[in-house]
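Trainee: There's a structure below that I have some questions on.
The values are calculated or read from the model by the stated rules, or taken from the named source; none is laboratory data. This is a predicted model, so every value here is computed, not measured. Note that each Cβ is placed from the backbone with ideal geometry, even for glycine, and that neighbours are counted across all protein chains shown. Side chains are part of the model used for accessible areas, which takes the heavy atoms of the whole protein and leaves out ligands, DNA and RNA. Shrake-Rupley method; radii C 1.70, N 1.55, O 1.52, S 1.80 Å.
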Amino acid sequence: ARETRLEQIVQDCESTWALDAEKVYYHVDRFVAAESYSTISRGRWGISANLLDAEQRRARPDAYHRIAALNLPERPSSQGEHWTISHDKGMNWNTWLRFKMKAIFEYSVKAHWKELQETEWYIYVDDDTYVLMEPLMALLRWYDPRAAHYFGRPLAEDAHPLFVGGGAGIVLSRAAALQIVAMKDSSDCDPLHIKWGERVHQGGDAWLGDCADAAGVHVDMEYGFYPQPPVANLFGLFGDAVSFHGVEDHRAFREALAANASGKAYDPRCVPIFADHKYSCLPHFIIGGVPKAGTTSLYKYLLQHPDVLPAADKELTFWGNFFSPKRRPSREEVMADYLPKFPKIAPSDFKVTG
């Protein structure tokens, strides 16, 4: 959903998790691809030169990292924020996402490039997903790519087939992909079918799920595909992880994983909250008092410490004040009106605020 940042996305992935991947294809609209990469080939299956440098190609002659150019309808101009859930994006945007997923799927399965035809597994991830390659490969070794397998994080909707949510990753064996692609022109796989107007989930992942169900390919239950990055220092609770969706900064996440492995994880004093697709630490203290009791001086003394950051104002009066009774605001009020008055503190760089 962020094709205008193509070069940055490629750089972020190539410097982090994609380093360990054998084959990586960045699927993008043909015209967007041509603006950033002059080596895109012509024809239906447009593709770039290998993005790996000469040294990497010598070390791994069978590794290919490329831009895959798609023929897509015109992209909607609004409602495409990547953090917006499917059923809040609007019909136009979701229709485009279905066409995009169909184009990505057909490209990966039908493109005549030899390196793709030899692929045993297809893993589709969003650009803000961080893949843990070693655990992923270990998981795939339990399965036979010659059998039809379709798994990831399953999502359910009443009266519709179970499908794999696209954010954290969709995994298809080659056998499953070939079985599904044979149904691509059926009514079940029509991105413009009238059924989409009645669905809660309307995006590309639901489209692929409907096609898979029509082709007799059903979801295998698997774990480890997480829709959000881990909270603060709780990496230990995600021992089965193969991917995390919603990772805004791939480099920072790689550093966090390294810190966790070395025992230098996030500061345990942070009480994290997930908002605006990111984790930040909650305010850490409240100074309660009455007029002329020295609270202003106390606050100023605290702010002299380099690890204490101020709020937007010394007296927020959100929870009540000397002249009005205490109040019990709703969670929505706290999120919308209270927390924005404090600096955003990353769990990896904890500071005290209040």
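Trainee: State the label only: which of (1) 18; (2) 57; (3) 30 corresponds to percent of Cα pairs over 37 Å apart computed from the shown model?
Mentor: Working out percent of Cα pairs over 37 Å apart from the coordinates points to (3).
Trainee: Another question, if that's okay. Given 0.36 nm per residue, what is the gain on full extension from Ser297 to Phe318 after removing their alpha carbon distance, in nm?
Mentor: 5.5 nm
Trainee: How much length is gained if the chain between Arg141 and Val271 is pulled fully straight, taking 0.36 nm per residue apart and subtracting their Cα-Cα distance, in nm to one decimal?
Mentor: Length difference between fully extended and current span is 43.0 nm.
Trainee: In the chain, carbon and sulfur make up what percent of the accessible area (probe 1.4 Å)?
Mentor: Using a 1.4 Å probe with all protein chains present, the chain comes out at 53 percent carbon and sulfur.
Trainee: Can I ask one more? What does the highest-first list of 280-288, 164-172 look like by mean Cβ count within 10 Å?
Mentor: 164-172, 280-288
Trainee: Follow-up question, since we're still on this one. Describe numerically, in nm with one decimal, the distance between label points set 7 Å from Cα along Cα→Cβ at Leu19 and at Glu248.
Mentor: 2.4
Trainee: If you don't mind, there's one more thing I want to ask. Using a 10 angstrom cutoff on alpha carbons, build the Gaussian network for the chain and name the most mobile of Arg58, Arg42, Arg331.
Mentor: Arg331
Trainee: Beta carbons within 10 angstrom, averaged per residue: use that to sort the peptides 209-216, 34-41, 9-16, highest first. Please report the intermediate quantities before stating the final value.
Mentor: Values: 209-216: 21.0, 34-41: 15.4, 9-16: 18.4.
Result, highest mean first: 209-216, 9-16, 34-41.
Trainee: Mind listing the phi-derived Karplus ³J(HN,Hα) values for region 54-62, rounded to whole Hz, using 6.51, -1.76 and 1.60 with θ = phi - 60°, and x for any glycine or proline?
Mentor: Using θ = phi - 60°, the values come out as 4, 5, 5, 5, 5, 6, 9, x, 9 Hz.
Trainee: Give me the 1.4 Å probe accessible area per residue for region 83-227, excluding ligands and nucleic acids, in Å². Walk me through the intermediate numbers first.
Mentor: On the way: 6400 Å² over 145 residues.
With all protein chains present, region 83-227 gives 44 Å² per residue.
Trainee: By average Cβ neighbour count within 10 Å, what is the ranking of 292-302, 242-252 from highest down?
Mentor: Listed from highest to lowest mean packing, they are 242-252, 292-302.
Trainee: Per the helix-only calculation at 222 nm, which mean residue ellipticity applies to the chain, given -39500 (n - 2.57) for every DSSP H run of n ≥ 4 and division by its residues, nearest 500 deg cm²/dmol?
Mentor: -7500 deg cm²/dmol
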